[in-house]
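Worksheet: the structure to be examined is printed underneath.
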Amino acid sequence: MPAGLVVLILALTLGIQPVTSDLYLPALPALSASFAAPMWQAQYTLSAMLLAFGCSQLIWGPLSDRFGRRPVLLTGLLAYTLAALASTQAPSMLWLIVWRALQGAAMGAVVVCARAIVRDLYAPTEGARIMSKGLSGLGVLACLAPPVGSLVSDLSGWRMTLLVPALFSAGTLALVIWRFKETLAQPNPQALHARSLVRTWTVILRNPTFLAYSMLSVASYGGLFTFLATSPFVFIQVLGLSKTQFGMVLFLMCFAYLLGTFLCRRLLKRYGVQNAAAMAAVLSLSAGVLMAALAWSGIQNVWSLCVPFALYMLGHGVHQPCGQSGAVGPFPEAAGTAAALNGFLMMLVAFVMGSWLGTHMDGSARPLTYGVAAWSAVLALAAWTVVRRYGRSSAGTPA
């Protein structure tokens, strides 16, 4: 496949995640009101989806190593489309949570294959550069998702915001059927054997390079998820923004992330993966400290949240390509399984954080600000210690 086609497929398959999570966020308060459900139940439509997304990757990863990326990708996209269509007809909050969880499980197949494709085709350093291009496409979709969600929700109601991801998935499925060629050169016939799988997981989880880059990607995503899970209620209910205005806030944050992916490629070219992650951590930690300081001072407005978090998203645009490609780098023969474990760890942290936030929202922006600050500190610690020490790829040899 031409490099441009690979990047396009990466952008669409990785971008299905913000389309799933970000597009309906402006409609979340209206959704909650429609079912007369408390805020924590509405947040479970996000956190349950992410937990299913993370857990399912543990299955999809070995399946893709055994049978190839193409059949798993096709299965995931088809199942996602059907679950997304069903979610538009959910009669209650419980059924909506169920269908969203199934969407997340199907999305796991799509994203884990996308991450594995990069390792199939490229060495780790080049893989980080290609991943950053794919995540630039994700950034564009993330920029578009909130304004589109606001517009669709205002014009047609919150149920229509759940239909858009189904249409997006169907279009991506058509492209994959038409143009995608298998990238796994040699399927592993032992990938699904229980004993072999346990050995592979053990080797991966003991690899210091995997752990270092996973800590980086997990911490970076933890800060982003904290913002995503709390921002609809903070900006709309606490600060009084309209859904359209909130959509523009998310657009600006996603645009900062998009700029971060371009910054990532420049830093990688000049300084390499480890130094790029360390430099971006300055942005992340500065963002967290500034956000916490403003909250501690009693300053609570749109700008006191958006300006620091835009800095955080610049760093996020560097840390995710480096973290995701770096974690998979040592395992060319088990790229799907390594990508799955990395994704599982990110989503597990998101679910735990979402559950905590659901019971600690107090009508202020403090859970958002202090949560982002805490994750920024963990992220900087990872970038300046374990990534610096163990960031050079140490090859794993899964059985």
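Please tell me if ALA281 is more than 20 Å from TYR213 (Cβ to Cβ) and either free of Cβ contacts under 8 Å to residues at least 12 places away in the same chain or assigned to a helix (DSSP H, G or I) (or both). No.
Name the pairs: first residue in the range 328-340 and surrounded by fewer than 24 Cβ atoms within 10 Å (Cβ to Cβ), second residue in a loop (DSSP other than H, G, I, E, B), Cβ to Cβ under 9 Å, at least 6 apart or on different chains? Within 9 Å, the pairs are PRO332/ALA123; PRO332/ALA395; GLU333/GLN186; GLU333/ASN188; GLU333/GLY396; GLU333/THR397; GLU333/PRO398. Within the range 311-342, restricting attention to residues that are modelled with pLDDT under 85 and of a type in the set (Gly, Ala, Ser), the residue that is farthest from LYS133 (Cα to Cα) is ALA334.
As for the range 292-308, it holds at least one residue that is touching a Lys or Arg at 6+ places or on another chain (Cβ under 9 Å) and in contact (Cβ under 8 Å) with a residue 12 or more places away in the chain.
Here LEU184 clears all of (1) assigned to a helix (DSSP H, G or I); (2) in contact with a Gly (Cβ under 8 Å, 6 or more places away or on another chain) except the condition numbered (1).
Among the candidates ALA293, ALA350, ALA339, the residue that is within 16 Å of ALA373 (Cα to Cα), under 16 Å from the mean Cα position of the chain (by Cα) and among the aliphatic types (A, V, I, L, M) is uniquely ALA350. Within the range 39-68, residues that are within 24 Å of SER364 (Cα to Cα) have Cβ atoms under 6 Å from residues that are hydroxyl-bearing (Ser, Thr, Tyr) in these pairs: ALA42/SER32, counting only partners at least 6 apart in sequence or on another chain. Here GLN274 meets each of (1) within 21 Å of LEU345 (Cβ to Cβ); (2) out of contact with any Gly (no Cβ under 6 Å at 6 or more places or on another chain); (3) surrounded by fewer than 22 Cβ atoms within 10 Å (Cβ to Cβ) with one exception, condition (2).
Scanning the range 112-123 for residues that are surrounded by fewer than 24 Cβ atoms within 10 Å (Cβ to Cβ) and in a helix (DSSP H, G or I) yields ASP120, LEU121.
So that you can scan it fast, the table gives a plain yes or no per residue for (1) hydroxyl-bearing (Ser, Thr, Tyr); (2) surrounded by fewer than 22 Cβ atoms within 10 Å (Cβ to Cβ); (3) over 18 Å from the mean Cα position of the chain (by Cα):
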site	(1), (2), (3)
VAL140	no, yes, no
VAL148	no, yes, yes
SER153	yes, no, yes
SER156	yes, yes, yes
ARG159	no, yes, yes
LEU167	no, yes, yes
GLY171	no, yes, yes
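Taken over the range 187-219, the criterion of being in a helix (DSSP H, G or I), farther than 19 Å from GLN324 by Cβ and not β-branched (Val, Ile, Thr) is satisfied by ALA194, ARG195, SER196, LEU197, ARG199, ARG206. The helices (runs of 4 or more DSSP H) falling completely within the range 1-106 that include 1 or more residues that are surrounded by 18 or more Cβ atoms within 10 Å (Cβ to Cβ) and of a type in the set (D, E, K, R) map to 39-67, 69-87. Would you call GLY222 more than 22 Å from the chain's Cα centre (by Cα) and part of a helix (DSSP H, G or I)? Taking the combined requirement at face value, the residue does not satisfy it. Can you find even one residue in the range 191-203 that is buried (at least 24 other Cβ atoms within 10 Å of the Cβ), more than 23 Å from the chain's Cα centre (by Cα) and either among the small types (Gly, Ala, Ser) or more than 30 Å from ALA377 (Cα to Cα) (or both)? For the range 191-203, residues buried (at least 24 other Cβ atoms within 10 Å of the Cβ), more than 23 Å from the chain's Cα centre (by Cα) and either among the small types (Gly, Ala, Ser) or more than 30 Å from ALA377 (Cα to Cα) (or both): present. Within the range 192-215, is even one residue in contact with a His (Cβ under 8 Å, 6 or more places away or on another chain) and within 23 Å of MET107 (Cα to Cα)? Checking the range 192-215: not a single residue is in contact with a His (Cβ under 8 Å, 6 or more places away or on another chain) and within 23 Å of MET107 (Cα to Cα). Annotation note: Cβ proximity below 7 Å between a residue of the range 232-254 that is touching a residue at least 40 places away in the same chain (Cβ under 8 Å) and a residue that is crowded, with 23+ Cβ neighbours inside 10 Å and acidic (Asp, Glu) (sequence gap 6+ or interchain) occurs for LEU250/ASP22.
The values are calculated or read from the model by the stated rules, or taken from the named source; none is laboratory data. None of the values given here were measured: they were computed from a predicted structure. Every residue, glycine among them, receives a Cβ derived from its backbone with ideal geometry; neighbour counts consider all protein chains shown.
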